[in-house]
Amino acid sequence: MASIIPGLLIDESETPFSQEDVVRARTSIMENLNQLLTASSPSTKIELVTKIQEQVLKWAPAMRVLEEVIDDVLALSLDQNQDVKKSIINFIEEVCKQRIRMLPKVIKCLTMLLREESAMVIKRVMQACGTIYKATLQWMCTSEDVTEEMNECWDQLCFIKLQILDMIDHENDGIRTNAIKFLEIVVLLQTHSDDDSMKRENDFSLDDVPLTLAHIRRRKLEEEAVNIFDLLLKFHGASHISSVNLIACTGTLCTIAKMRPKLMGQVVEALKLLHSNLPPTLTNSQVASVRKNLKMQFVNLLKQPASYEWRSMIVPILSDLGASQNEINRAIPKMSQSELLKRKQKAQENEDIRKAKVARLELEEKERTAQELAILKEMEDDELILEQERKCELINEKFIADAIKSIDVASQLVINSMINLPDKIPAEFIKNYQPATTVLSIQDQINIIAKTFASQLTELKLGPGAKELLEVKPLKSKTSLKEDKISKEDDDEEYQKDETTRKLRETLARVKHQPKMKQRIKTLKLHEITKPLPKELKHQFLNDAVRKILNCERQAVIGGAGFKRKKIITVFASTFMPSVREIIMEYIMENIVKRFDLAFMWLFEEYSLMQGFTRFSYVKSEHKHDYAYNRLLAEFILKIFNRGTEFRERESLLKRLYLEAPLISDESIDILTRISEHDDLYECGLVLLKDLLIRRPPKEEQLLMTLLKFAVHQKTSIREKAIENVMIVYNMHQILVENIEIFAIKLVKMLEKPTPTSDVLNILSMQNENVEAWTEDMIKSCLNLYLTILPYNEMLLPGLVPVYVESTSDVKRVILRSIEVPIKKLGTDSKEIFKILETCAKGTETLVTRIIYILTETQTPSLEMVEKVKNLYNTKLNDVRILIPIILHIPKKEIIAALPKFLKLNPQLMKDVFLRLLGVKNDALKSNLQPITPTELLVALHAIDTSQAELRLIVKATSLCLAEKEVYTHEVLGVVMQQLVEMNPLPTLLMRTVIQSHTMYPRLSGFITNLLQRLIVKQVWKNKLIWDGFVKCCQRLQCMGVLVQLPTAQLQDALTICPDLKNPLIEYAREMNKHQMGHVTQNILDILGEGQSSTTGAIKSEPMDVDADAAPPGI
């Protein structure tokens, strides 16, 4: 049975714990997880991660919750603190130890952490990878069904293995040491064990890998282990290895030898070589430490039974290292006579196998050398025969050309040849015949004929040139490979005979025609029989020799002399005359991508000469010691830079050249400055400046100043990219932080000047321009770096205040527009912002207001900030505009008190205020705050005294409110009008609002009629403005029943104001019934001119109930 808990499937057969135990475990873990996600202190995070780790791994019910929380815990791997990242790596390691099937969830996080820049994090990842690699291999080998997910995990782990393998050459000592330890684990896991192997708990070897695995092959694993072991041996024997790495590598090799005795011989040989040839870079104390460690490792190896056949080599070394005979005897394990005999026999067998293998290899080497010699000899014979044929053909050609110039000879040749012509033209002739496309001279035709005849005569070995073939014929004919396989003794004997015969014939030919004379012994003096070659000829021979060496790259590589050839070329380039340097430079630049390694060898050769590691070069004898190196580096950079955009590898080669060069010169930095201004390469140049600044501490100040100059560049794209790279240096690597801040502050301080000074123009590279006033681009150039740094160091914010006060209006306007992003990043909890709000120096009112607006634009202000702003308004800055951002957080009473001031703002700000109060703006909807209702707001506007605000402003505000129909519905307006009628005295704008409400919602007619009746009771005619509105409203709504209820004088006044009402009133009076007439006085009827006639008139219309619709719908 399975119990279902939300988000988790628990198998009750797998765990004895109840559902309540798991729920309790989840609750406890979730509490810690919530604290972890909200914690800000690194120590708190580490403590909570450790607590969660103990819960999910040591508390059995919590193991069920692991899959739920692991993603949230792994998210902390993105934390900037390296101790937090180390705690996450420890969590991953412990999880994989106990639950290796969680590897798919953590492997990507592990890969990402291995690429961190922190050495501490990388080392911790390597340590964890050793454990995880072993656990994964056991998991793969013991699983009944290997899934695709498991195979993917194995592939990613192999990728991590390759990355760690590359780190054995890392610049950090500790990383190299941990890489060695990891490779030790890999070698032990991927090799076979034997009977003499030292046993460990939970040991695993290649023997445990089943042959049935499709994704993991024994042979491949073993080959990889052998290659890694060879790499460790090479690293151990390197001359540049540090003492720490040497001791670690020695321990690793000895551990491998104890666990895999078949490799002990190679390890002993490596330790012997180290004993006799310690690295020259070690100090005396380090040498003593290494020798002490070497002695300890040899003693441990001697204790192993498998070291029996190597004792003869180990014992003398131990004696030389200072071990006494008693120590050696104690280390040698005791063995029975039978075991001793068995090991002697095994040692003898191994020795015989080694000797046979050496003999076989030597024989193969001799055979290979003999074959190569035979091939070379055949090539020499072929070349000699070709040379003979060429000479023969030239002699025949000259002979025929001279002969056919005679007309008789030519005619005779044609006549004699015509006999042999066939009747039809052969097909082969038609196929191969090509007529001359150009008109040839007689001499050209003679030369072509002579050349054709000469080649035919040479093939038949005829003509005057045939003697060349006979006289200079090779003594030994060309032999095939099968003939070369005849016994070596016969070949040597035949070769010696041929050599003797050849020398004898040469001697006879030389003395054949010489007169016999008495031989006189004379000392050979070279200067008497030779003369010096001209300088130009020497240079030509030298250049030709260099070209020949350059063109034999393929032959050198085939012959295994590729590196030596490159070394010779670099020595030539750095020590020979300029013409040789130019030839080599042209050769490299022909294919710079493939020959870039040769360029670097040349560069390092020049560096060695500059530093005095070897002899001085040709160039250095005439210039400064660094001239040749600087010129070569600059030449390489310029040639690559000038290749143009069509050269795709330009950026990658420039990066390699700058980052891998042994020394960066001032000239190369100047060229990099030009690259950084190039339209296509500015990104590459700026990134290089940043990387060099990080990796070249001696030049960091110079490189920083160069990068900072681009941070104020006139081009926006270059300036933004430069600032981005400066921030990487400032924030991520924290290099020269003070220098960057000083430069940024210096730029901002310059904005205090009314006009740009010469210093500003020099920094902005505008010294040649006539600038009389600040431009927006110049202001932004001075501001951008400072504002970009501001979110990372809020202590810089107070420095902006005096600059703002002293600057011109143009500068202030740009500052106000530019501070939005940094102020938002600082947030509403910034202490420095609170200080500015508290102080609010004179002249900073607009700046403070802008800051408040920015902070409240996208987020709800904190209570502390609201109090700060209110205090600022009440004490120092009596500007109602600063209340607008926090208006939804102010009590209703204070809002009503500030309404007259809000009405005096410009129309846009006033509209913003009322939209916020009415809840129309997004911030009001999000915050769900509304300190004053729409009804209260409109009533408060009507209640404003005209002495506090002009009537036209109040009218504008009420119109703005009434324009929001979604807020002011007919129900809301009914409540507003009802409250307005009840006010004493009546508000001036009462009737205007009533008329507007009727215009918006005509269905309010009955309700408004009722209000008009109530106004008669309140003697509305006492306020002339309201009375006029009352009359107009009655006219608009045709409220005749209301008018007839007015006193006589007021009715007369109403008719005077609006004479158009008289006829409707008369019509109304005629249609009134007796009941209605009872409420109308005789004076009213007299005014209307109806008298008694109205009382006796027929009542045809329905009576009007003035009490109808006392309130609008919904009230």
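None of the figures in this text is laboratory data; all of them are computed from the coordinates on show. Small disclaimer: the values here were computed from a predicted structure and weren't measured. Using ideal geometry, Cβ is built from the backbone for each residue, glycine included, and neighbour counts are taken over all protein chains shown.
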Mean Cβ neighbour count within 10 Å, used as a protection proxy, ranking 705-717, 780-792 highest first = 780-792, 705-717
Cβ-Cβ cut-off under 13 Å around GLN35, Lys and Arg +1, Asp and Glu -1: the net charge is -1
Given the convex hull of the Cα atoms of the range 847-962, what is a quarter of its surface area in nm²?
-> 6.9
Would you mind counting up the charge near LYS956? Only other residues with Cβ under 10 Å from its Cβ, with Lys and Arg at +1 and Asp and Glu at -1.
-> +1
Segment LYS893-GLU867, extension gain: residue separation times 0.36 nm, minus the distance between their alpha carbons = 7.8 nm
Between the range 824-893 and the range 674-708, the alpha-carbon center distance in angstrom = 41
Compute the FRET efficiency between SER41 and ASP72 as 1/(1 + (r/R0)^6), taking r as their Cβ-Cβ distance and R0 = 22 Å, and round to the nearest 0.05.
-> 0.75
Output the pairs from LYS746/LYS780; LYS868/LYS904; LYS51/LYS85 with a Cα-Cα distance over 20 Å in this structure; if there are none, say none.
-> LYS868/LYS904
Provide the packing ranking of 48-55, 589-596, i.e. peptides ordered by the mean count of other C-beta atoms within 10 Å per residue, highest first.
-> 48-55, 589-596
With each label point set 7 Å from Cα along the Cα-Cβ vector, what nm distance links MET112 and HIS240?
-> 3.4
Virtual spin-label span in nm between GLN859 and THR775, 7 Å along Cα→Cβ | 3.7
Cα-Cα longer than 32 Å, checked against LYS824/LYS956; LYS715/LYS824; LYS567/LYS624; LYS105/LYS262; LYS405/LYS531, kept in input order, equals LYS824/LYS956; LYS105/LYS262; LYS405/LYS531
Which length gain, in nm to one decimal place, applies between SER285 and MET732 when the Cα-Cα distance is subtracted from 0.36 nm times their residue separation?
-> 157.2 nm
Sorted by packing (mean other beta-carbon atoms within 10 Å per residue), highest first, where do 851-861, 359-369, 151-161, 638-648 land?
-> 851-861, 151-161, 638-648, 359-369
Normalised by the residues of the range 67-199, what does the relative contact order come to in percent, with Cα pairs under 8 Å and at least six apart?
-> 22
Quick calc: nm separation of the 7 Å Cα→Cβ label points for VAL821 and SER143 -> 4.7
³J(HN,Hα), Karplus 6.51/-1.76/1.60, whole Hz, each residue of the range 135-142, x for Gly, Pro = 5, 5, 5, 5, 4, 5, 7, 9
Starting from the amide H of PHE576, placed 1.01 Å from N in the peptide plane, find each other amide H under 5 Å away whose residue is 5 or more places distant or on another chain.
-> TYR618
State, in angstrom, two size descriptors of the range 160-214 derived from its alpha carbons: Rg to one decimal place and Dmax to the nearest whole number.
-> 14.2, 41
Quote to one decimal, in nm, the extra length available between ILE404 and THR999 on full extension: 0.36 nm per residue of separation minus the C-alpha distance between them.
-> 201.7 nm
Can you give the FRET efficiency for ASP155 and LEU761, using 1/(1 + (r/R0)^6), R0 = 60 Å, r = Cβ-Cβ distance, to the nearest 0.05?
-> 0.50
Dipole axis of the range 807-882 (+1 Lys, Arg; -1 Asp, Glu on Cβ), positive-most option in SER807, CYS840, THR860 = SER807
How large is the charge dipole for the range 523-600, taken about the Cα centre, if only the Cβ atoms of Lys, Arg (+1) and Asp, Glu (-1) carry charge, to the nearest 20 debye?
-> 240
In this structure, the FRET efficiency calculated for GLU982 and ASP1053 from their beta-carbon separation, with R0 = 25 Å, to the nearest 0.05, is 0.50
Env charge @ LEU796, Cβ radius under 10 Å, K,R +1 / D,E -1, value -3
